[in-house]
């Protein structure tokens, strides 16, 4: 089916029509009161632009590079567990979309199809995201497969020492196939910086640490030779009552001081959000829920269309701010402001005609 949409809100509406309640709750929900989830969005809503005028913006280039890979826009696909619950093609659809659009895919270790099948689905650069679900022998085995399959980098997720209480799916008794077992949880709970060092050495690939939320941990990570810091609170799905990722980003940037690349995720819904993240020091953003909505709406085509809309929004925001390339983006582009409407997790979408709302 041709995906005739002009806004990512329309993609979300199509995803809602196609998903059963359990899968929908898994995709959109956070943990407990969902305070962190809402703060992720509020943190973006509290940033305003300081646009400059009378600048020739007849040509705007939103492209960049990340870990040696060209990105059409500074956005990569985040890892999503259980993608097969959103679309039968699962992570392979994300791989196809990443190649078609021109970005990097991060492949979850708890999604389908198998990591080798996903790797073979496209020529797009791929990062493998690791949950530690076993001992070091298990880790060596899976990382051997990762290298054999040709992945370009390794991301270790470290904000899951305990699996959170995600009450939306709990209330409907929805349990996804890739949910961690008690044994898995024990392995994740025992991770330390020493364990991380061993995993990084075994991997032998550019190494990203996903789930950093403080300057203190960012500094330790850099001292341990991490190539990229991934500022993330798991989309508000792990610890509740945390700061929004964009509130955390500045202190991480200050701690890192250019010694590692920086990604941020959580609450990204607009191209203008990407520009705000770059202004505050990120090298790229990662897209989780937006990717999931695009996947559920129309597979690879839905993800590509979502990215195209973000690109159009980003180019528009850059042009109206008086910017023609990302190397011109500095903290002077933005300032602090309060939201003009009561903020909530969907507060960036306000234009959907009432007749189209489900």
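Normalised by the number of residues in the chain, the average gap of Cα pairs under 8 Å and 6 or more apart makes the relative contact order 29 percent.
Once Rg and the Kirkwood radius are both taken over the C-alpha atoms of the chain, their ratio Rg/Rh works out to 0.94.
Determine the relative contact order of the stretch 231-317: mean sequence separation of Cα pairs under 8 Å and six or more apart, normalised by residue count, in whole percent. Please list the in-between numbers first.
Numbers: 108 pairs, mean separation 23.4, N = 87.
Once normalised by length, the contact order is 27 percent.
Can you compute the label reach from residue 72? Point 7 Å from Cα along the Cβ direction, backbone N cut-off under 16 Å, restricted to the stretch 248-276. Only 271 fall inside the zone, counting backbone N under 16 Å. The simple spin-label model puts a point 7 Å past each Cα toward its Cβ; for residue 328 and residue 191 those points are separated by 4.0 nm.
Return the FRET efficiency for the residue pair residue 167, residue 88: r is the Cβ-Cβ distance, R0 is 25 Å, and the value is rounded to the nearest 0.05. Intermediate results must be reported in sequence, preceding the final value.
Values: r = 28 Å, r/R0 = 1.10.
Calculated value: 0.35.
Full extension of the chain between residue 320 and residue 259 gives 18.8 nm of extra length, using 0.36 nm per residue less the Cα-Cα distance.
Of all beta bridges DSSP finds with both residues in the chain, what is the antiparallel percent, to the nearest 5?
Numbers: 6 of 34 bridges.
Of those bridges, close to 20 percent are antiparallel.
Percent relative contact order of the stretch 181-236, based on C-alpha pairs within less than 8 angstrom and at least six residues apart? Kindly include the intermediate steps, with their values, before the conclusion.
Working: 36 pairs, mean separation 18.6, N = 56.
Worked out over the stretch 181-236, it gives 33 percent.
Which of 232, 108, 63 ends up with the largest GNM mean-square fluctuation for the chain, with Cα atoms connected below 10 Å? Ranking 232, 108, 63 by mean-square fluctuation puts 63 first. Choose one answer from 327, 25, 240: the residue with the largest mean-square fluctuation in a GNM of the chain with alpha-carbon springs under 10 Å. Among 327, 25, 240, the largest mean-square fluctuation in the Gaussian network model of the chain belongs to 327. Shown for the stretch 126-281 is the translational diffusion coefficient from the Stokes-Einstein equation, using the Kirkwood radius over Cα pairs, a temperature of 20 °C and a viscosity of 1.002 mPa s: 129 µm²/s.
Highest mobility in the GNM of the chain, judged by mean-square fluctuation with C-alpha springs under 10 Å and restricted to 133, 40, 233, is found for 133.
Can you show me the helix-derived [θ] at 222 nm for the chain, built from DSSP H runs with n ≥ 4 at -39,500 (n - 2.57) apiece and divided by the number of residues, rounded to the nearest 500. List each step's numbers first, then the result.
Numbers: 13 runs with 148 residues, N = 358.
Result for the chain: -12500 deg cm²/dmol, rounded to the nearest 500.
All of the numbers you see were taken from the coordinates with simple rules; none came from a lab. Computed from a predicted model, the values in this text were never measured in an experiment. We place every Cβ from the backbone using ideal geometry, glycine too, and count neighbours over all the protein chains shown.
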